[in-house]
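Report on the following structure.
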Amino acid sequence: MSSTPYTFAIFVTRKADISPTEFRTHWETNHIPILQRLGGPNFPLSHTRHYLSRDETLPGFPVSPIIVGSEGDFRYDAFAVVTFASEAAFQAFLPVMSSPEVVEDENRFTDRGKLRVVALGQIRRTNTGEN
């Protein structure tokens, strides 16, 4: 296994019977602390969550605004980019992700049948003023 950083993206869909605010609040105040507690020193270097902007005043909480695409293109409510020091570090954390406590908690606020996870390859960032 490589000792280079290992990064993946997780696409998460909320349970249909909770609002986007309830979803976000649960992920931030319940789920992440569980992962931190169970993961201990194996918790990832970073776990960055990105929430889609949804209009909570309308039925179904549509994504708004959509810059390019249509409502049907956005079946998830958030995605996280998670980075470990290495693939070995990820493997050390993997049992936490499938532990009964984590699965039980995910069932409280996510539609696990729609969960998608993909490893990321090369990652490049350009900051203001850089070529």
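Going by the structure shown, is G121 of a type outside the set (A, V, I, L, M), within 22 Å of S3 (Cα to Cα), free of Cβ contacts under 8 Å to residues at least 60 places away in the same chain and out of contact with any helix residue (DSSP H, G or I) (no Cβ under 8 Å at 6 or more places or on another chain)?
On the way: of a type outside the set (A, V, I, L, M): yes; within 22 Å of S3 (Cα to Cα): yes; free of Cβ contacts under 8 Å to residues at least 60 places away in the same chain: yes; out of contact with any helix residue (DSSP H, G or I) (no Cβ under 8 Å at 6 or more places or on another chain): yes.
When the stated conditions are applied, G121 passes them.
Please tell me if V68 is among the β-branched types (V, I, T) and under 20 Å from the mean Cα position of the chain (by Cα). No, not satisfied. Contact map, the range 56-69: first residue among the small types (G, A, S), second residue part of a loop (DSSP other than H, G, I, E, B), Cβ cut-off under 7 Å, separation 6 or more or different chains; pairs are S64/S53; S64/D55. Residues in the range 22-41 that are free of Cβ contacts under 8 Å to residues at least 60 places away in the same chain and more than 16 Å from A92 (Cβ to Cβ): R24, T25, E28, T29, I32, P33.
The residue that is nearest to I32 (Cα to Cα), counting only those in the range 90-118 that are among the basic types (K, R) and touching a residue at least 24 places away in the same chain (Cβ under 8 Å), is R108.
Would it be correct to say that T126 is part of a helix (DSSP H, G or I), free of Cβ contacts under 8 Å to residues at least 12 places away in the same chain and either of a type in the set (V, I, T) or surrounded by 15 or more Cβ atoms within 10 Å (Cβ to Cβ) (or both)? Spelling it out, it is not the case that T126 is part of a helix (DSSP H, G or I), free of Cβ contacts under 8 Å to residues at least 12 places away in the same chain and either of a type in the set (V, I, T) or surrounded by 15 or more Cβ atoms within 10 Å (Cβ to Cβ) (or both).
Computed from the coordinates by the stated procedures, all read-outs in this text should not be read as laboratory data. Note that the structure is predicted; figures quoted are calculated from it, not measured. Heads up, the Cβs are rebuilt from the backbone with ideal geometry, glycines too, and the neighbour counts pull from every protein chain shown.
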